[in-house]
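A quick write-up on the structure given underneath.
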Amino acid sequence: MELAVSLFLLGEIYTKTGKHASLSDIAKAFELMFNFSFGCIYKKRIALFDRKPCNLTRLLDSLKNLLLKENRNKMKNNDF
């Protein structure tokens with residue numbers, strides 16, 4: 001959910017017709033890619049923003065930390 005909402009808020013995702021993708025468009029793409037259903041995407045969005053601030057971006061923080069860790073490992077091993 002965090003990733004879908006963040007991509008929507010970024011405003012840089014477009015549909016085939018060149019229009020900015022709606023939250024619903026992005027959610028449908030995630031549902032197709034990962035074979036699951038958000039249910040009502042707008043209710044999920046509300047629930048996301050109802051989280052405590054320390055949990056608001058839990059997934060995104062984890063992804064960022066993984067990338068930083070991998071980068072440090074590559075730099076340490078000179079694996080470019």
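The values are calculated or read from the model by the stated rules, or taken from the named source; none is laboratory data. If you're wondering where the values come from, they're calculated on a predicted model, not measured in any experiment. Virtual Cβ from ideal backbone geometry, glycine too; neighbours counted across all protein chains shown. Quick note on the areas: whole protein, heavy atoms, side chains included, nothing else; ligands and nucleic acids left out. Shrake-Rupley method; radii C 1.70, N 1.55, O 1.52, S 1.80 Å.
Points worth noting:
- Among the GluC sites (Glu not before Pro) in the range 1-79, those placed in a DSSP loop whose Cβ has at most 15 other Cβ atoms within 10 Å are GLU12.
- With a simple spin-label model that places each label point 7 Å from the Cα along the Cα-to-Cβ direction, the separation between LYS44 and ILE13 comes to 1.0 nm.
- Loop trypsin sites (Lys or Arg not before Pro), the range 20-56, which have at most 14 other Cβ atoms in a 10 Å radius of their Cβ (DSSP): ARG51
- For the chain, the solvent-accessible area works out to 80 Å² per residue, with a probe of 1.4 Å and every protein chain left in place.
- The charge dipole of the range 1-73, taken about its Cα centre with unit charges on the Cβ of Lys, Arg, Asp and Glu (plus for the first two, minus for the last two), comes to roughly 120 debye.
- Per-q log10 I(q)/I(0), the chain, q = 0.20, 0.21, 0.25 Å⁻¹ (Debye; single scatterer per alpha-carbon; no solvent): -0.94, -0.99, -1.17
- Dividing the summed -39500 (n - 2.57) terms of all DSSP H runs of n ≥ 4 by the residue count of the chain sets its mean residue ellipticity at 222 nm at -19000 deg cm²/dmol.
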